[in-house]
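**Q** Please find one structure pasted underneath; my questions will follow.
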Amino acid sequence: MEQILYLVNSWYVPYADELILGFLVCTLLLMIAALFAVRRCRRQIRELTEKTKEMTKLALSQSSMNTQREKNRIQKDTEENINGKTVLSPQNEEIFGSVIQEIFP
């Protein structure tokens, strides 16, 4: 206990003003560093938001193109019906054959 009191008497009492000033300067420097970090993070968030908007637009345009392709494919499949008979594409024919093989081994 006496050693702590000696340390306080030898360091704190004569240099109290300098210690408080040093503490305030360190606090100020840390605040400035934190502000720069927040500024950089906000800029990154802004850029990420812009990129996300662009990607959303791209995804929506691709989705609309896919739905148009699907509509065209359905229309083509319905046009392939000849005299009440359905004409299967090679891919559909392969799937149908594998299903039949599963049902009747």
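**Q** Of a type in the set (K, R) and at pLDDT 75 or above: is that true of K76 in this structure?
**A** So K76 does not fit the description; no.
**Q** If you go through the stretch 19-70 one residue at a time, how many are closer than 30 Å to V8 by Cβ and β-branched (V, I, T)?
**A** 3
**Q** Right, another one. Could you go through the stretch 21-43 and let me know if any residue there is under 20 Å from the mean Cα position of the chain (by Cα), modelled with pLDDT of 90 or more and open to solvent by less than 80 Å² (accessible area, probe 1.4 Å).
**A** yes
**Q** Condition first: open to solvent by 100 Å² or more (accessible area, probe 1.4 Å), at pLDDT 75 or above and not in a loop (DSSP other than H, G, I, E, B). Can you find one or more residues in the stretch 81-93 that meet it?
**A** no
The values are calculated or read from the model by the stated rules, or taken from the named source; none is laboratory data. Quantities reported herein were computed from a predicted structural model and do not represent experimental measurements. Note that we place each Cβ from the backbone using ideal geometry, even for glycine, and neighbour counts take in every protein chain shown. All accessible areas refer to the heavy atoms of the entire protein, side chains included, with ligands and DNA or RNA removed. Shrake-Rupley method; radii C 1.70, N 1.55, O 1.52, S 1.80 Å.
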